[in-house]
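A quick write-up on the structure given underneath.
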Amino acid sequence: MKSSVPQPLLLVDGYNIIGAWPQLSRLRDRETLAAARDQLVEELTNYSAYQGFRTRIVFDAYEQRQPSWQEPITNDVLIHYTDYGQTADSCIEKWCAELRKDVQYFNLRLIVATSDQAHRHTVTGYGAEWMSAQRLAQDLRAAVQQGRNNHRSRAGKTPKRFSTTLKPAVHDRLRALRNQLEQRPNVGS
């Protein structure tokens, strides 16, 4: 039976996090902003899957003369580029305000990741939880470490999976089906 409490929603101010995390700042400065964005998205995709969060990573398109657009990464992770002239802060604040007005989302756990203090006060005023860039980095490292520990504790044990008893032809068919599903466009994001 599905729970009536919605999956937690993590809203991330993408460029704020890139600027606050030294490894992403270095990557941005050494290579490109796109490389730092890609690294952030990869890390947040893994973290979100581990935590069971729906995640929206918001990037400013402040200087770009194009309408907002979204790029689905997984069913639960979406990149959102803001409208021309709109900041990630104002976009996230608008979403927080809208979600708090909607009765359907009354029990939603809403988390905003940013180190912008003014932004922090605004979103917590709408009832969202605030997470600093440093806290997000710590939680991400802890999740990675926990995953490694879980993997090590399972190492050496024989996994009880049905796949060890399937014939190679069945493996090939399952792989083909998985590839077909991965190539289908995401609907409803």
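In the set (1) touching a helix residue (DSSP H, G or I) at 6+ places or on another chain (Cβ under 7 Å); (2) open to solvent by less than 50 Å² (accessible area, probe 1.4 Å), TYR50 fails one condition alone, (2). With at positive phi and either at pLDDT below 85 or loosely packed, with under 10 Cβ neighbours inside 10 Å (or both) as the only criterion, which of GLY127, GLY156, GLY147 stands out? Result: GLY156 is the single residue among GLY127, GLY156, GLY147 that is at positive phi and either at pLDDT below 85 or loosely packed, with under 10 Cβ neighbours inside 10 Å (or both). GLU31 meets all of the listed conditions (1) surrounded by 20 or more Cβ atoms within 10 Å (Cβ to Cβ); (2) over 12 Å from VAL12 (Cβ atoms) but one, namely (1). When each of VAL123, VAL144 is tested for being more than 16 Å from the chain's Cα centre (by Cα) and either within 26 Å of TRP21 (Cβ to Cβ) or polar (S, T, N, Q) (or both), the lone residue that passes is VAL123.
Checking TYR50, TYR15 one by one, the residue that is in a helix (DSSP H, G or I), in contact (Cβ under 8 Å) with a residue 12 or more places away in the chain and within 17 Å of ALA133 (Cα to Cα) is TYR15 and no other.
Given LEU108, LEU99, LEU174, LEU136, which one is over 26 Å from TRP21 (Cα atoms), of a type in the set (A, V, I, L, M), part of a helix (DSSP H, G or I) and modelled with pLDDT of 75 or more? From the options LEU108, LEU99, LEU174, LEU136, the qualifying one is LEU99.
The values are calculated or read from the model by the stated rules, or taken from the named source; none is laboratory data. If you're wondering where the values come from, they're calculated on a predicted model, not measured in any experiment. Because the Cβ atoms are built from the backbone with ideal geometry, glycine has one as well, and the counts that use them run over all protein chains shown. Each accessible area value is taken on the protein alone, full model and side chains, heavy atoms only, with ligands, DNA and RNA left out. Shrake-Rupley method; radii C 1.70, N 1.55, O 1.52, S 1.80 Å.
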